[in-house]
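Note sheet for the following structure.
The values are calculated or read from the model by the stated rules, or taken from the named source; none is laboratory data. Source: prediction; values computed, not measured. Here the Cβ is made from the backbone with ideal geometry for all residues, glycine too, and neighbour counts use every protein chain on show. Calculation scope for accessible area: heavy atoms of the full protein, side chains included, ligands and nucleic acids excluded. Shrake-Rupley method; radii C 1.70, N 1.55, O 1.52, S 1.80 Å.
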Amino acid sequence: MLGLEGLEKLRRPEPTVPTWLAAGAALFSIVVKEALFRWTRAVARRTGSKVVEANAWHHRSDALSSLVALAAIAGAILLPRWGFLDPVGSVIVALMIGVVGFRVILDAGRELTDAGVERELRERMEELAAGVRGVREVRRICARHIGNLTTVDLVVAVDPEMDVFQAHRITEFIEAQLSKKLPRLGRILVHVEPLAEPELLDGERNAEIRRAAEEVCRTVPGVAGFHDLKLHRRASGVALDIHLELAAEAPLVEAHRVADEVRLRLQELPGVGSVLVHLDTEKDGD
C-alpha cells in the first residue's frame, strides 16, 4: 500500500510540505530500530534461531526505511518546489521492505527444505574428521540444516584389519571433535568402511606382524631362508603360515628343533593366534 500511495502521489502531486516534527520522528525511529536490530541479531546468533533473526532484519528494514523517509522529509522541507521527494521516498521504502521480506522468506524456505550446509562448514567438518587418528579417508559428508540445528552423516575409511572396538572408538572421537569445535550440531552419524586400496589390503597391523615374523626367522640359528609368509585373520588372532628353508644335510631332529623354535617365537608375537611351519630344503644359489 505504501508504494502504491507513493506512485499515486507522483501521478497527482499534492502541494503539501511535511514538518520538522515528522523528521524528528523519523530520526528517533532510526536510532531505536537500529539498536533493536543489533540486540536482536546478537540473540539470534547466540541461539541459532531463524525466527529471531528474521525479526532482527525486520528492525533493520524499519531503520533503513526511516532513513530514506528522513532524507525525503528533509529534502521536501528544504526544497519546497521538490514536492516529489516525499512520494519518491515512499516508493523506495516500499521496495526496501519488499527486498528484506524476500530474503527472510528465502532463508525460511531453505530451512523448511533441509538445505545443505555452506561449503566452508562442510570443509571444516572434513578437516576435523580427517584429523582423528586412524581415519585414512573421509569418503562422504551429508550435512543438512534442520531448524536451528545441523545434522551430519559421515562416511570414513579405516584400516581394513582394524577390529570392531577400535573402529567404534574412532566414531566416538569424530563425534566428540565435531560437537566440540562446531556450534549447534544435532544428530551426528559416523559410518566406518574398510579402506580397499590394493597396497593397503594387508592393513597396518598385519604389516607390523609380518615385519616381526620376518625378523624372527632371520635371527633363529639354522634357518637358511624363508618364503611364502601368509597372514590370515581369525577370531582368535592372526594365523601365520610360513615355509622355512633348511640346509639339505641338516639332520631331521635338528630340522624339527629349528621349526619348533620358530613356531614358539612366532606365537609369542602380539596378535598371533596360531602358526603353521613348513620345512623345505635350501634353494640352490641362496
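Remarks
- The one condition in (1) modelled with pLDDT under 90; (2) in contact with a strand residue (DSSP E or B) (Cβ under 8 Å, 6 or more places away or on another chain); (3) not β-branched (Val, Ile, Thr) that LEU178 fails to fulfil: (1)
- Any hit, region 185-204, residues being in contact with a helix residue (DSSP H, G or I) (Cβ under 9 Å, 6 or more places away or on another chain), assigned to a helix (DSSP H, G or I) and modelled with pLDDT of 85 or more: no
- Residue in region 211-224 that is more than 38 Å from the chain's Cα centre (by Cα), over 14 Å from ARG263 (Cα atoms) and either part of a loop (DSSP other than H, G, I, E, B) or at pLDDT 85 or above (or both) present: yes
- Going through (1) without any contact (Cβ under 8 Å) to a residue 40 or more places away in the chain; (2) crowded, with 18+ Cβ neighbours inside 10 Å one by one, VAL253 falls short only on (2).
- Taking every residue in region 25-37 that is closer than 13 Å to HIS59 by Cα and pairing it with any residue that is of a type in the set (Lys, Arg), at least 6 positions away or on another chain, the pairs with Cβ-Cβ distances below 9 Å are LYS33/ARG60; GLU34/ARG60; LEU36/ARG60; PHE37/ARG60.
Here is a yes/no grid of residues against (1) among the hydrophobic types (A, V, I, L, M, F, W, C); (2) surrounded by 14 or more Cβ atoms within 10 Å (Cβ to Cβ):
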residue	(1), (2)
GLU215	no, no
THR219	no, no
VAL223	yes, yes
PHE226	yes, yes
ALA248	yes, no
LEU264	yes, no
GLY271	no, yes
LEU276	yes, no
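- Note on region 152-166: residues that are at pLDDT below 85 and either touching a strand residue (DSSP E or B) at 6+ places or on another chain (Cβ under 7 Å) or open to solvent by 60 Å² or more (accessible area, probe 1.4 Å) (or both) amount to 6.
- Subset of region 151-176 [free of Cβ contacts under 8 Å to residues at least 60 places away in the same chain and over 16 Å from ALA129 (Cα atoms)]: PRO160, MET162, ASP163, VAL164, PHE165
- The listed residues are ALA115, ALA76, and the only one of them that is among the small types (Gly, Ala, Ser), touching a Pro at 6+ places or on another chain (Cβ under 8 Å) and either open to solvent by less than 60 Å² (accessible area, probe 1.4 Å) or modelled with pLDDT of 65 or more (or both) turns out to be ALA76.
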